[in-house]
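The structure under discussion appears below in the form of structure tokens.
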Amino acid sequence: MTDSIRISFEFFPPKTPDGREKLYKTRAALQAFNPEFFSVTYGAGGTTRETTADIVTNLRRDGISIAPHLSFGGDNEETILGLLNQYKNAGVNRIVALRGDMPSGMGAVAQLVYANELVAFIRRHTGDHFHLEVAAYPEIHPEAESYDADIGYLKGKFDAGADSALTQYFYNPDAYFYFIDQCQKAGIDKPIYPGIMPITNYTNLARFSRNCGAEIPRWLRQRMESYRDPEDVKKLGLEVVTDLCETLLEGGAPGLHFYTMNQVEPSAAILTSLAISQQL
Ligand code: FAD
């Protein structure tokens, strides 16, 4: 493990002023790990358009390196262009460009714009101003036509101008290593950073994983489901995810992207165990 590995932390936009205060404190505490950037998600269908932009511009005012997630959702080009200009003027220089999903319950009310088209749109209107991250799926996107087709579409995002990718979370490192291998064979030569989801609440994780197509290995599921004490879940979660990160970094992963769920402790505990930072 070297100092050059890239760390980043992902937040979601809180709905309440208290949640927002907590987020700013979380951000300050996680700064101790010298992240390359923080990112703020974008509600499915653009449902958090103003909140995401507001949090991002607030954090930028404090000089923080921050990347808003962005998708077309149901919006037109003018709205997206407005957001891009707002971000550019605020000094934001990184965006996580996505297709996104429609909010649950709304079904397919509009044709979603594929991420490669958003990447091309951003490049067309803002040149090289933004470093563009896109999403990648080592266990393959749930709607993908096939394994190879999904990798082909990821390549399409890079061909359109993406600089690097952040993955969906996973607990099987072989899925990541195999995926990287297949991406390289398909001609992708840009970095693909593994997304890391700390395990703190197993019930929530299991529900979320079913929807996004992330597999929880059978042995891990069995153990987690047998626990009655939430502290046992956290303890095993820390052990398993720290081992996962170690294996990924030893196997050549260029860094780690943490899904923080706006909490300090779960990501900080893993990073502290990994001894990437001695500062907490
Ligand atoms: P795409 O890359 O466009 O792919 C979507 C699907 O269509 C895939 O199955 C792909 O194989 C297929 N496909 C791609 N291009 C084409 C094409 N040209 N023709 C036909 N099929 C195609 N969601 C949010 O709503 N907000 C967020 O902030 C958010 N952040 C995320 C961050 C990360 C790191 C990750 C991994 C996911 C995130 N998501 C977020 C979830 C993401 O929006 C969903 O997984 C969504 O279903 C796919 O988005 P995408 O950008 O990967 O889509």
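Residue-level analysis places LYS155 outside the set of residues that are away from the ligand (no atom under 16 Å from the Cβ), more than 21 Å from LEU249 (Cα to Cα) and either assigned to a helix (DSSP H, G or I) or among the aliphatic types (A, V, I, L, M) (or both).
Condition check for GLU21 on (1) more than 14 Å from the chain's Cα centre (by Cα); (2) in a loop (DSSP other than H, G, I, E, B): one failure, at (2). Among the residues making up the stretch 94-135, those that are outside any loop (DSSP other than H, G, I, E, B), without any contact (Cβ under 8 Å) to a residue 60 or more places away in the chain and within 15 Å of ARG49 (Cβ to Cβ) are ILE95, LEU118. Test GLU215 against the criterion of being acidic (Asp, Glu) and over 19 Å from the mean Cα position of the chain (by Cα), and give yes or no. No; evaluated as a whole, the condition is false for this residue.
You will find that of LEU112, LEU59, LEU98, LEU81, the residue that is within 11 Å of the ligand (Cβ to nearest atom) and over 17 Å from the mean Cα position of the chain (by Cα) is LEU112 and no other.
Out of all the residues in the stretch 72-93, which are outside any helix (DSSP H, G or I) and closer than 19 Å to GLU117 by Cβ? If the condition is that a residue be outside any helix (DSSP H, G or I) and closer than 19 Å to GLU117 by Cβ, then PHE72, GLY73, GLY74, ASP75, ASN76 are the ones that fit. Among residues of the stretch 25-38 being buried (at least 17 other Cβ atoms within 10 Å of the Cβ) and in contact with a Leu (Cβ under 8 Å, 6 or more places away or on another chain), the one that is farthest from ASP101 (Cα to Cα) is PHE33. Does any residue of the stretch 49-64 turn out to be on the phi > 0 side of the Ramachandran plot, of a type outside the set (Lys, Arg) and surrounded by 20 or more Cβ atoms within 10 Å (Cβ to Cβ)? Looking through the stretch 49-64, none of the residues is on the phi > 0 side of the Ramachandran plot, of a type outside the set (Lys, Arg) and surrounded by 20 or more Cβ atoms within 10 Å (Cβ to Cβ). The requirement of being within 15 Å of the ligand (Cβ to nearest atom), part of a strand (DSSP E or B), in contact (Cβ under 8 Å) with a residue 24 or more places away in the chain and not aliphatic (A, V, I, L, M) is fulfilled somewhere in the stretch 176-194, by at least one residue. Within the stretch 118-152, being more than 10 Å from the ligand (Cβ to nearest atom), within 23 Å of PHE9 (Cβ to Cβ) and among the charged types (D, E, K, R) holds for one residue alone: GLU139.
FYI, it's all coordinate maths here, none of it is from the lab. Since the model is a prediction, treat every value here as computed from it, not as a measurement. Please note: Cβ atoms are built from the backbone with ideal geometry, for glycine as well, and neighbour counts cover all protein chains shown.
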